[in-house]
Structure formats: C-alpha cells, structure tokens
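In what follows, a structure is listed as structure tokens, so that the remarks can point back to it.
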Amino acid sequence: MNKIWAIAQNTFIEGLRSKTLYALLAYLFLILFSVTALVPLTLGEHSRILRDFGLAGIEFLSIMLAIVVGTTLVYKEVEKRTIHVIVSKPVERFYFLLGKYLGMELLLGLMIILMMLIFAAGVLILDGKFPPGLLMPAGMAFLKVSVINSIALFFSSLSSPILGAVFTFCLYLAGTLSRDILSLAQRLPAGLIKTTLKVFYYLLPNMGNLDLKNQAVFDQAVLWPQVWWSLSYSGAYILTVLMITSLIFEKKDFK
C-alpha cells in the first residue's frame, strides 16, 4: 500500500508541474466572460446560462486535462527510462499502474474542487445564493473524468501521447453519443450493422448516463437510483479497463 501511495504522490506532484493550473485560469476566464458578457444579453435567463456554461466548463476542462496529462503517464516513464528502475524493484506492475491512476485522480479531484469554488463564487455574485443541488453534477463530472482517466492510462501504456490523446478523445466523443448509437441500432432491421452498433454501445463509456447537468440547470429533482447506478457502472468500467491495461502492461518488455 505504501508503494502505491508513493507512486500516487509522485504522479500528483508531476501533474501539478505540468502547467495544469492553466486550466483554472481558462475556467476563471469562462466564468468572468459568462457573468460580464453573456448574462446581460440573456433577458432573465442569466442564472440558467451561468449554470450551463459553468458546469459544462468544469466537465470539458477536466476531461481535457485527464486526456492531455493521463496519456503521458506511462510514456514519460518509458522515455526517461525510469520505468526500468521501477519494474526492477519489488513493485508489481499493477501497483505501478494503480498508483499512477490514483495520483491522477487526486489531481483531477483537486482541479474540479477549485473550479467548483470559482463557479460557486460566480453563482453567489449573480444570484446571491448557491443551491446545494449544483454539487451533484460536479460529482458526476468526476465520475466521467475518472472513466476517461482509466482510458487515457490504457492508451498511455500502448502508444505515444499524441495517438493516445486522439484515441481517448474519440472514445469520449463516441461515449457522449452512445444513446444515439443505441437508438439507431434499435431502428435498424436485424443484421450485421445492428449487431455491430449494439456491441459498440456496450463497449463505449456511456457518458450520457453519467450526466446530471440538465437537472441542475433546470432545478429538477435528482433521481437517486440513477446516481447509484452511475456509481456502480463507472466503478465496474474503470476496474475492467485497469485490469485489461494491467494484463497488457505485464507482457511488455522494457529491456
């Protein structure tokens, strides 16, 4: 456990040094732009616009951070040849991957909390109050980011950062369209295309089921069964991806 925590700490510190704070500056600019430029043009819809932009910004910037930093986690160790020192020590490769993943989770969690504080300040300035219901979409955004983080780590152990980032982003986009893919498959007659689309639907990360932004923006009640299902689904998906990554990583020869 101490070895995993040591790797996680090192990954977290490296992530902070990777100019990740620029994401906070970008988010601060987004909130300031929403409050000063967009809100005056919305004719009474200022609260909805700020919520929409603020929550979407947290998710998008966190996803981009997970992709850009996550896809370099293993590759950088290989390039710097520090991977030879790590795997030569009594550290199982799964522990190494788990430490990398948890370190990124700490970094992404911190960034989401800091962006949420900026968002809360904007809402307080505009509305004079901060509804607790706005916290739930941020938590669900963290689940999305955690899933993408596991996928980024998978590609980081297989390819270069550029290819890994492209593949991870494509999977993220496809995951946001997973419901549309299923809807299309259901309208098609039985055949190879229908079966292929359904297979893709079940393999892709289902981002639509991890989204509660609309409920928060329009003050709708949160369906707790959906929340528990989302927690179970994301946990199972992350564990599956990490196990597959570990199996591939175990067979890699770094000599």
Task: Members of segment 229-252 that are of a type outside the set (Ser, Thr, Tyr) and in contact with a Ser or Thr (Cβ under 7 Å, 6 or more places away or on another chain) - done: Ile238, Val241, Leu242, Ile248, Phe249
Open item on the list: For segment 1-35, give me the residue count where each residue is of a type in the set (Lys, Arg) and in contact (Cβ under 8 Å) with a residue 40 or more places away in the chain.
Closed with: 1
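Can you tell me which of Gly235, Gly175 is farther than 30 Å from Leu50 by Cβ and either out of contact with any Pro (no Cβ under 8 Å at 6 or more places or on another chain) or at pLDDT below 90 (or both)? Can you show your working first?
Working: Gly175 fails: farther than 30 Å from Leu50 by Cβ.
Testing whether each residue is farther than 30 Å from Leu50 by Cβ and either out of contact with any Pro (no Cβ under 8 Å at 6 or more places or on another chain) or at pLDDT below 90 (or both) leaves just Gly235.
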TODO: Just name the residue that is modelled with the highest pLDDT out of those in segment 146-168 that are aliphatic (A, V, I, L, M) and under 19 Å from Lys251 (Cβ atoms).
DONE: Leu153
Task: Hits in segment 115-132 (condition: surrounded by 16 or more Cβ atoms within 10 Å (Cβ to Cβ) and touching a residue at least 60 places away in the same chain (Cβ under 8 Å)) - done: Met115, Ile118, Phe119, Gly122, Val123, Leu126
Open item on the list: Test of understanding: among Ile49, Ile58, which residue is at pLDDT below 85 and under 16 Å from Phe119 (Cβ atoms)?
Closed with: Ile49
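The values are calculated or read from the model by the stated rules, or taken from the named source; none is laboratory data. Since the model is a prediction, treat every value here as computed from it, not as a measurement. Please note: Cβ atoms are built from the backbone with ideal geometry, for glycine as well, and neighbour counts cover all protein chains shown.
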